[in-house]
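The values are calculated or read from the model by the stated rules, or taken from the named source; none is laboratory data. What you are looking at is a predicted structure, and each value in this text was computed from that prediction instead of being measured. No Cβ is skipped: glycine too gets one built from the backbone with ideal geometry, and neighbour counts run over all protein chains shown.
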Amino acid sequence: MKRIFTLIMLLLVVFGFNARAQKFDFISKINIGIGANYNSIDYDGGDVFYSPGGGMGIELGLGYHATENLVPYLTLGYQQNIAIQYISSNGESLESSVFFNRTSFFAGANYDYMPWKSALKGIRFGGGINYNFPGKMKITENNSTYSDLSYDSSLGYNADVAFIVAIKSIKLLPGIRYRNMSFSASNSADRYLLPSHLKTLNGSGVDLTISFVKSF
């Protein structure tokens with residue numbers, strides 16, 4: 001509850017900077033996540049590696065021009081992580097796989113440093129917090145499927161930097177983001193039987209991002 005209250009208070013600050021804002025931004029973002037920590041499951045004597053902090057994701061949200069350079073923002077994102085090794089031959093199949101996803105709110109502020117007059121306008125520096133709702137982790141190892149693992153929501157933080165490229169009325173922002181987040185397994189009868197890396201998932205990592213921003 002304290003985390004939710006903190007997030008609500010931050011959002012009030014983010015969108016209450018200046019009642020006479022110049023404009024809003026509509027933000028769409030594509031992310032390729034590289035996890036900070038990797039684990040593995042067995043596949044016919046070999047390894048299938050996965051990272052809770054990796055995966056492909058999308059985000060949608062709004063930015064608010066509090067000043068010419070300061071842009072608070074709020075986005076909603078979804079990230080899907082899939083690691084799978086599968087073979088089917090002569091009517092028999094073998095599978096080892098891990099599926100995990102999360103839905104996240106990102107709230108913070110960006111500062112645009114824009115000294116150039118060319119298509120490359122400048123650099124955006126940003127940071128803020130994230131509040132995450134992890135989905136269930138589904139693990140199959142050599143055709144043996146384990147019970148789905150549930151995790152509690154969590155609060156984290158992030159920092160990013162991106163180039164600002166103007167293409168007609170749209171800004172294109174290729175960048176990189178570091179995010180810190182972790183997820184604790186929900187209380188259950190068998191929680192304490194889990195290995196340590198499944199009791200607490202390390203969801204931190206780096207996102208390679210490309211954002212499309214339209215002002216209105």
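Some notes on this structure:
- Qualifying residue in region 41-59 (condition: modelled with pLDDT of 90 or more and within 14 Å of residue 107 (Cβ to Cβ)): yes
- Looking only at region 94-115, and only at residues there that are within 21 Å of residue 50 (Cα to Cα) and more than 17 Å from the chain's Cα centre (by Cα), the one that is surrounded by the fewest Cβ atoms within 10 Å (Cβ to Cβ): 94
- Within region 139-183, restricting attention to residues that are among the charged types (D, E, K, R) and closer than 22 Å to residue 37 by Cβ, the residue that is surrounded by the most Cβ atoms within 10 Å (Cβ to Cβ) is 179.
Conditions tested, residue by residue: (1) over 21 Å from residue 165 (Cβ atoms); (2) not hydrophobic (A, V, I, L, M, F, W, C).
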{"site": "72", "(1), (2)": "yes, yes"}
{"site": "77", "(1), (2)": "yes, yes"}
{"site": "81", "(1), (2)": "yes, yes"}
{"site": "95", "(1), (2)": "yes, yes"}
{"site": "98", "(1), (2)": "yes, no"}
{"site": "102", "(1), (2)": "yes, yes"}
{"site": "108", "(1), (2)": "yes, yes"}
{"site": "111", "(1), (2)": "no, yes"}
{"site": "125", "(1), (2)": "no, no"}
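- Residue, modelled with the lowest pLDDT, within region 187-206, restricted to residues that are outside any strand (DSSP E or B) and crowded, with 17+ Cβ neighbours inside 10 Å: 198
- Of residues in region 148-186 being over 23 Å from residue 100 (Cβ atoms) and assigned to a loop (DSSP other than H, G, I, E, B), the one farthest from the chain's Cα centre (by Cα): 168
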